[in-house]
Amino acid sequence: MPTTPASEPLDTAAAGLLHHYHPGTWLPTDQERDLADGLAHARWSEHSLPASLRSAPPAVADGHLGGVLDQAVQVLAKTPAATDGTLLQVRVLVDALTCAFSP
């Protein structure tokens, strides 16, 4: 999948957080899980992703997941028509956070 130079740090940040999530060295809070769950069911755009992050509690927006999502917002601001490949690693992270907690 194509990426842009702006998305490379985003891919690294999302993959790094996922790397810490799998062995349990980083665990999302319940509020971070709620945010991830909402994102998993939403269509991401240059408008919807920033709105989701703005509506998150400050502790979530300032946390590890919020940092990755903030980078995603910045990438979308520079490339509103971002391809799925641009945000693929962030989607993988969100899916991992929601997968284990689905009924």
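Bear in mind that the values in this text are calculations on the coordinates, not laboratory data. Model, not experiment: these values are computed from the prediction. Here the Cβ positions follow ideal geometry from the backbone for every residue, glycine too, while neighbour counts run over all protein chains shown.
Compute the long axis of helix 64-78 from its Cα atoms, compare it with the longest principal axis of the Cα atoms of the chain, and write down the angle in degrees, 0 to 90, nearest 10. On a 0 to 90 degree scale, this one is about 20. Determine, from the Cβ-Cβ distance of Thr79 and Ser55 and an R0 of 30 Å, the FRET efficiency 1/(1 + (r/R0)^6), rounded to the nearest 0.05. FRET efficiency, Thr79 to Ser55: 0.85.
Counting every C-alpha pair in the chain, the share spaced more than 15 angstrom apart comes to 58%. Going by alpha carbons, how many degrees (0 to 90, nearest 10) lie between the helix axis of 7-21 and the longest principal axis of the chain? Helix 7-21 sits roughly 10 degrees off the main axis of the chain. Taken as Cα centroids, region 2-57 and region 61-77 sit 7 Å apart, rounded to the nearest whole angstrom. Relative to the dominant Cα principal axis of the chain, helix 88-99 is inclined by about 20°.
Sorting the segments 44-56, 16-28 by their mean number of nearby beta carbons within 10 angstrom, highest to lowest, gives 44-56, 16-28. A Förster radius of 25 Å combined with the Cβ-Cβ distance from His41 to Glu8 puts the calculated FRET efficiency at roughly 0.35.
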